[in-house]
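A.B. asks: My structure is below; once you've seen it, I'll send some questions.
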Amino acid sequence: MKALCLILFAISCIFIASVYNKKHDAVVEDNDFAEFEEFEDEDGTVTEEAPEQERQEVKKQAPTFDQEETFEEDDDEEEEDVVGDDEFDHLHDEEEFENFDKDKDTSKSKTPDKLPDLQMAKVPLHLRTSWDSFYLEMLMIAGLTVYFLNFLAGKNKNCKLATAWLSAHKELLETQFSIVGDDGVAKDVTSGNLMKESENVYALWCSGRSCVEGMLVEIKLLKRQDLINLLLRIFKPASDQVIVRVDIDAGKMENCNFVFCVAQKRSAAKLHKDMNDLSQFTEKKSTEKYNIPSSYQLLSEIGEGTAAILDKKVCQLLTTYEGVIEYIHVSDQYSGAKLQDDSQTTKMPETKPCLIFCFTVPGKGSTRASDMENLKPLMQLVFYCTDKVTRLQLSKEARVKAEKNRQKAAELFLKAAHTQRQELAQQRREEKKRAEKEKLMAEEDPDRARKLEDRESRRESKKKQPKMKMMKIKAM
């Protein structure tokens with residue numbers, strides 16, 4: 001009986017002890033932040049308030065049910081303020097940024113920037129009361145006006161000068177030719193027509209004379225219609241020119257085959273360099289034994305023909321019109337100027353006998369209609385030289401010398417043409433080889449490339465082998 005009572009007493013004690021432990025654990029769980037409630041007093045001692053006392057104070061300060069909604073709103077506003085302030089606190093940290101002016105930053109944040117007032121731009125009117133803004137346009141209009149007026153004035157003056165030359169020489173030309181000034185456009189024959197090739201170049205064609213195929217008169221006037229050319233002539237003066245070319249009938253110069261030219265020294269060098277016949281057949285000769293001015297240069301092939309042309313009358317005109325007669329060119333092998341493209345020299349140029357006269361109109365650009373009339377004696381010189389050349393007969397020795405010169409010139413030309421053909425053939429062969437090499441390099445198949453290379457090497461070796469002829473010998 002005693003043992004049973006002891007057992008029951010022990011069980012009850014264990015039950016009471018377990019209940020007490022559960023209560024103690026619940027108190028500890030309700031006060032989770034109890035460990036943070038320790039703080040130091042002013043004297044440095046650590047105090048800890050009783051949990052029970054803290055809970056009573058919290059209950060006193062706890063809001064009622066009616067004030068709960070307003071309390072939550074106030075808490076939200078405070079939280080927003082705190083979050084808003086704390087979110088950008090790092091931007092105001094002096095240690096975070098260099099050269100940070102806290103007062104300036106706070107003043108900027110407090111006072112917003114003032115936007116400038118919008119103002120309408122003052123747009124100028126299309127037509128202004130002042131013409132100073134249009135000075136460039138006015139200069140352009142003035143320049144165009146001056147250019148246009150100069151064009152009209154220069155064009156009219158050139159036309160008047162050409163008409164003045166025709167009216168001064170028309171009577172003389174009609175006595176020498178049956179057709180003067182035919183334009184070749186109309187079916188019927190016309191006369192007295194100047195062909196206008198440009199604003200400063202006029203031409204006149206005459207035909208119908210014995211021993212003469214035709215005569216072309218070319219009036220080359222200054223470009224008076226061009227203002228720029230007019231200004232350039234202030235620094236480089238020039239003059240108008242009249243060029244007369246007389247084409248002789250074929251066979252009329254068979255007995256006087258020679259090339260001759262007398263020209264001003266400033267023009268003789270250029271003619272001797274540019275003209276085919278003068279560069280091939282003539283040489284520079286002295287003018288001492290001829291009674292002509294020293295300003296002229298003589299280019300002659302045969303002395304006998306030169307002496308026949310430079311007779312007393314011609315020398316007198318050369319002296320009288322020293323500055324007007326530019327050159328006199330007589331040739332039975334005239335083919336014009338040298339070709340600039342050397343690739344066309346493989347063909348022999350066509351030649352024809354002709355006489356060319358170049359006259360400079362006096363006045364140095366300030367030409368008048370009366371100056372054109374003064375050129376009438378020079379046109380008579382043209383007809384005089386034409387008649388003399390067609391009637392002239394050289395001696396047998398002179399003709400043989402002229403024939404040798406022409407054969408020599410033909411041989412030189414053939415050699416030059418042959419050399420040029422060889423150069424062209426060599427150039428074509430090199431281009432062919434280059435194309436074959438490029439084809440070989442572009443071949444992707446190695447076997448085919450090797451075959452092409454072997455074929456090319458065999459071809460080259462075959463070309464290098466000496467050519468031998470096989471001869472058959474009959475058995476005895």
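A.B. asks: Test Leu204 against the stated conditions and say whether it is in a helix (DSSP H, G or I), touching a strand residue (DSSP E or B) at 6+ places or on another chain (Cβ under 8 Å) and either closer than 25 Å to Asp249 by Cα or of a type in the set (Ser, Thr, Tyr) (or both).
C.D. replies: Criteria not met by Leu204.
A.B. asks: For segment 304-324, does any single residue satisfy the condition of being closer than 30 Å to Leu227 by Cα and either at pLDDT 90 or above or more than 48 Å from the chain's Cα centre (by Cα) (or both)? Talk me through it step by step, then tell me what you get.
C.D. replies: Let us first name the residues in segment 304-324 that are closer than 30 Å to Leu227 by Cα, namely 323-324.
Then drop every residue that is not either at pLDDT 90 or above or more than 48 Å from the chain's Cα centre (by Cα) (or both), which leaves 324.
Yes, segment 304-324 has at least one match.
A.B. asks: Now for a different question. Taking segment 215-251 as the search range and keeping residues that are charged (D, E, K, R), free of Cβ contacts under 8 Å to residues at least 60 places away in the same chain and not in a loop (DSSP other than H, G, I, E, B), which one is farthest from Glu301 (Cα to Cα)?
C.D. replies: By that ranking, first place goes to Lys220.
A.B. asks: For the list (1) in contact with a strand residue (DSSP E or B) (Cβ under 8 Å, 6 or more places away or on another chain); (2) more than 22 Å from Lys252 (Cβ to Cβ), I need the number of the one condition that Pro293 fails.
C.D. replies: (1)
A.B. asks: Continuing with this model, one more query. Considering segment 161-196 alone, what residues qualify as being of a type in the set (Val, Ile, Thr) and not in a helix (DSSP H, G or I)? I'd like the intermediate steps shown before the answer.
C.D. replies: Going through segment 161-196, the residues of a type in the set (Val, Ile, Thr) turn out to be 163, 175, 179-180, 185, 189-190.
Correct list: Ile179, Val180, Val185, Val189, Thr190.
A.B. asks: Out of segment 271-294, which residues are surrounded by fewer than 12 Cβ atoms within 10 Å (Cβ to Cβ) and either of a type in the set (Phe, Trp, Tyr) or within 36 Å of the chain's Cα centre (by Cα) (or both)?
C.D. replies: Across segment 271-294, the qualifying residue is only Lys273.
A.B. asks: Let me ask something else about it. Search segment 350-370 for residues being crowded, with 18+ Cβ neighbours inside 10 Å and out of contact with any Phe, Trp or Tyr (no Cβ under 6 Å at 6 or more places or on another chain), and hand back the single one that is nearest to Ile325 (Cα to Cα). First the steps, then the outcome.
C.D. replies: Applying the first criterion (crowded, with 18+ Cβ neighbours inside 10 Å) to segment 350-370 yields 353-361, 367.
From the residues that got through so far, the ones that are out of contact with any Phe, Trp or Tyr (no Cβ under 6 Å at 6 or more places or on another chain) too are 353, 355-357, 359-361, 367.
Numbers: Pro353: 21, Leu355: 14, Ile356: 11, Phe357: 8, Phe359: 5, Thr360: 6, Val361: 9, Thr367: 16 Å.
Restricting to residues being crowded, with 18+ Cβ neighbours inside 10 Å and out of contact with any Phe, Trp or Tyr (no Cβ under 6 Å at 6 or more places or on another chain), the top hit is Phe359.
A.B. asks: Another question, then. Would you point out which residue out of Glu199, Glu254 is among the acidic types (Asp, Glu) and either in contact with a helix residue (DSSP H, G or I) (Cβ under 6 Å, 6 or more places away or on another chain) or in a strand (DSSP E or B) (or both)?
C.D. replies: Numbers: Glu254 fails: either in contact with a helix residue (DSSP H, G or I) (Cβ under 6 Å, 6 or more places away or on another chain) or in a strand (DSSP E or B) (or both).
Selected residue: Glu199, the only one of Glu199, Glu254 that is among the acidic types (Asp, Glu) and either in contact with a helix residue (DSSP H, G or I) (Cβ under 6 Å, 6 or more places away or on another chain) or in a strand (DSSP E or B) (or both).
A.B. asks: Okay, moving on. If I filter segment 230-244 for residues that are modelled with pLDDT of 90 or more and over 19 Å from Pro362 (Cα atoms), do I get at least one hit?
C.D. replies: No, segment 230-244 contains no residue that is modelled with pLDDT of 90 or more and over 19 Å from Pro362 (Cα atoms).
A.B. asks: Follow-up question, since we're still on this one. Hey, could you check segment 197-214 for residues that are within 42 Å of the chain's Cα centre (by Cα) and in contact (Cβ under 8 Å) with a residue 12 or more places away in the chain and say which is nearest to Ser366 (Cα to Cα)?
C.D. replies: Initial filter on segment 197-214 (within 42 Å of the chain's Cα centre (by Cα)): 197-205.
Filter once more, keeping what is in contact (Cβ under 8 Å) with a residue 12 or more places away in the chain: 199-205.
On the way: Glu199: 17, Asn200: 15, Val201: 17, Tyr202: 18, Ala203: 21, Leu204: 23, Trp205: 27 Å.
Filtering first and then ranking leaves Asn200.
A.B. asks: Which members of segment 167-205 meet the condition of being within 28 Å of Phe151 (Cβ to Cβ), β-branched (Val, Ile, Thr) and loosely packed, with under 15 Cβ neighbours inside 10 Å?
C.D. replies: Val185
A.B. asks: Test each condition in (1) touching a residue at least 60 places away in the same chain (Cβ under 8 Å); (2) over 18 Å from Ala410 (Cα atoms); (3) open to solvent by 30 Å² or more (accessible area, probe 1.4 Å); (4) not hydrophobic (A, V, I, L, M, F, W, C) for Glu326 and report the one that comes out false.
C.D. replies: The number of the failed condition is (3).
A.B. asks: All but one of (1) in contact with a strand residue (DSSP E or B) (Cβ under 8 Å, 6 or more places away or on another chain); (2) of a type outside the set (S, T, N, Q); (3) assigned to a helix (DSSP H, G or I) hold for Phe134; which doesn't?
C.D. replies: Against the list (1) in contact with a strand residue (DSSP E or B) (Cβ under 8 Å, 6 or more places away or on another chain); (2) of a type outside the set (S, T, N, Q); (3) assigned to a helix (DSSP H, G or I), Phe134 comes up short only on (1).
A.B. asks: Moving on. Given the condition touching a Pro at 6+ places or on another chain (Cβ under 6 Å) and not β-branched (Val, Ile, Thr), answer yes or no: does some residue in segment 306-319 qualify?
C.D. replies: No, segment 306-319 contains no residue that is touching a Pro at 6+ places or on another chain (Cβ under 6 Å) and not β-branched (Val, Ile, Thr).
A.B. asks: I would also like to ask the following. Scan segment 206-248 for residues that are open to solvent by 20 Å² or more (accessible area, probe 1.4 Å), more than 22 Å from Val330 (Cβ to Cβ) and of a type in the set (Asp, Glu) and jot them down.
C.D. replies: Of everything in segment 206-248, just one residue is open to solvent by 20 Å² or more (accessible area, probe 1.4 Å), more than 22 Å from Val330 (Cβ to Cβ) and of a type in the set (Asp, Glu), namely Asp226.
A.B. asks: Report every pair of residues separated by at least 6 positions or lying on different chains whose Cβ atoms are under 6 Å apart, first residue within segment 302-320 and outside any helix (DSSP H, G or I), second not small (Gly, Ala, Ser).
C.D. replies: Pairs that qualify, where the first residue is outside any helix (DSSP H, G or I) and the partner is not small (Gly, Ala, Ser), are Ile302/Phe258; Leu310/Tyr290.
A.B. asks: Among (1) touching a residue at least 60 places away in the same chain (Cβ under 8 Å); (2) open to solvent by 10 Å² or more (accessible area, probe 1.4 Å); (3) in contact with a helix residue (DSSP H, G or I) (Cβ under 7 Å, 6 or more places away or on another chain), there is one condition Gln297 misses while meeting the rest; what is its number?
C.D. replies: Against the list (1) touching a residue at least 60 places away in the same chain (Cβ under 8 Å); (2) open to solvent by 10 Å² or more (accessible area, probe 1.4 Å); (3) in contact with a helix residue (DSSP H, G or I) (Cβ under 7 Å, 6 or more places away or on another chain), Gln297 comes up short only on (1).
The values are calculated or read from the model by the stated rules, or taken from the named source; none is laboratory data. Quick caveat, the model's predicted, so the values are computed rather than measured. Here Cβ is always computed from backbone atoms with ideal geometry, including for glycine, and neighbour counts include all displayed protein chains. Calculation scope for accessible area: heavy atoms of the full protein, side chains included, ligands and nucleic acids excluded. Shrake-Rupley method; radii C 1.70, N 1.55, O 1.52, S 1.80 Å.
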